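See structure below.
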Amino acid sequence: MLITLTFLLSSCGDREEKRELQLYITQLKNAASKNEKNPLPIQFQLPNPVLYISSLTPSGPNSANSGVVSKPLQSYPLKDLQFVGTIAQDNETWAYILTPDNMIYGAKEGDIIGNTYGKIVKIATDHIEVLEKHTVSGKPVDQIVTMQLKE
């Protein structure tokens, strides 16, 4: 008789725990359905590009003042710059580039980067393409340099 009574009492405990668990799950579902809202897409502003201007701003590689750098991304050789990411908003894509001094600058298609005045011609999510103009045997040569995304 003692064994039967112990068995009956233990089975009642399982039902109570199961009922409490079901109640808890029902409460969670109700709370989730009440709080279920469609999250709004995150809106953010692109940072404003900073233009560093000196009193002697060069107008290009053939400028008389070509030793003066007007933008930080023109201070370093292209091989020392690292492409670290992109942001696209309002049909405009910005590439973010890390310099050797651990500063990150934004650039868009058409911007000049590197100390040889390379022009960004394409920005993709995994790479950017920079057009550099060189002179080989007195003849101008265009070269596309691809900068892969740094992971």
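Observations
- Single residue of the stretch 91-107 satisfying the filter (loosely packed, with under 14 Cβ neighbours inside 10 Å and without any contact (Cβ under 8 Å) to a residue 40 or more places away in the chain) that is farthest from Thr125 (Cα to Cα): Asp101
- Leu51 vs. criteria outside the structural domain of Leu131 (by TED's automatic domain parsing), outside any strand (DSSP E or B) and at pLDDT 70 or above: no
- Filtering the stretch 66-89 to residues that are surrounded by fewer than 13 Cβ atoms within 10 Å (Cβ to Cβ) and at pLDDT below 90 leaves Gly67, Ala88, Gln89.
The values are calculated or read from the model by the stated rules, or taken from the named source; none is laboratory data. Quick caveat: nothing in here was measured; it's all calculated off a predicted structure. Cβ atoms come from the backbone with ideal geometry, glycine included; neighbour counts cover every protein chain shown.
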